[in-house]
Amino acid sequence: MDESVSDGIAVQREELAQALRAYGASFTELGRRFAAQIGVHSTDAFALLEITSAEASGVPLSPALLSNRIPLSSGAMTALLNRLERAGFITRSREHTDRRIVTLRGTAQAKERAEAFFSPLNARQDAALSQYPPALLKQLTTVLTDLRSTMDA
């Protein structure tokens with residue numbers, strides 16, 4: 001690759017990384033505030049959001065799949081799920097033919113609290129995203145997915 005092209009890509013990568021870090025910091029702070037509002041640790045709140053988001057997309061998580069998204073030891077994950085279950089935010093069930101597989105689902109209470117907290121932000125983000133053509137947003141999703149895969153390798 002031409003050195004000037006390589007330098008240009010490096011500059012774009014850094015600009016994108018800076019914007020993503022700023023977005024990530026804002027997202028983390030929002031998660032911390034959500035956690036405080038519902039009375040749990042921020043890691044528990046992020047786990048709850050992963051559980052309810054996966055369920056809403058039609059692919060509920062197991063504890064093993066959740067640990068791919070929130071890296072904790074097996075014991076720490078069990079303690080986290082116990083806390084969320086005791087708080088009334090999740091249920092664990094055995095829905096598969098393989099009865100060893102546990103499915104995690106958010107409760108109505110969890111979904112209502114998350115909806116109330118995140119609806120105003122979702123509306124603002126929808127308004128911001130509506131300014132861009134769907135093809136560009138799809139391309140951005142592809143770019144972010146590709147960048148993440150380089151980190152996971």
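Numbers below:
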| read-out | value |
| --- | --- |
| Which listed residue is closer than 30 Å to Ala17 by Cβ and either aromatic (Phe, Trp, Tyr) or open to solvent by less than 70 Å² (accessible area, probe 1.4 Å) (or both), from Ala87, Ala54, Ala108 | Ala54 |
| Checking Glu14 against (1) under 18 Å from the mean Cα position of the chain (by Cα); (2) open to solvent by 80 Å² or more (accessible area, probe 1.4 Å), the condition it does not meet | (1) |
| Selection count, the range 74-105, where residues are in a helix (DSSP H, G or I), farther than 17 Å from Ile38 by Cα and without any contact (Cβ under 8 Å) to a residue 12 or more places away in the chain | 4 |
| Options Arg113, Arg105, Arg148; residue that is under 16 Å from the mean Cα position of the chain (by Cα), under 23 Å from Val59 (Cα atoms) and at pLDDT 95 or above | Arg105 |
| Meets criteria (assigned to a helix (DSSP H, G or I), open to solvent by 60 Å² or more (accessible area, probe 1.4 Å), at negative phi and modelled with pLDDT of 95 or more) for Gln37 | yes |
| Residue in the range 114-134 that is nearest to Ala19 (Cα to Cα), counting only those that are assigned to a helix (DSSP H, G or I) and open to solvent by 80 Å² or more (accessible area, probe 1.4 Å) | Leu129 |
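Quick grid of which residues meet (1) open to solvent by 70 Å² or more (accessible area, probe 1.4 Å); (2) on the phi > 0 side of the Ramachandran plot; (3) in contact with a Cys (Cβ under 6 Å, 6 or more places away or on another chain):
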residue	(1), (2), (3)
Gly8	no, no, no
Tyr23	yes, no, no
Leu48	no, no, no
Gly58	no, yes, no
Ser62	no, no, no
Leu65	yes, no, no
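The values are calculated or read from the model by the stated rules, or taken from the named source; none is laboratory data. The structure displayed is predicted, hence computed values, not measured ones. Note that we place each Cβ from the backbone using ideal geometry, even for glycine, and neighbour counts take in every protein chain shown. These area figures cover heavy atoms from the full protein model, side chains too; ligands, DNA and RNA do not enter into them. Shrake-Rupley method; radii C 1.70, N 1.55, O 1.52, S 1.80 Å.
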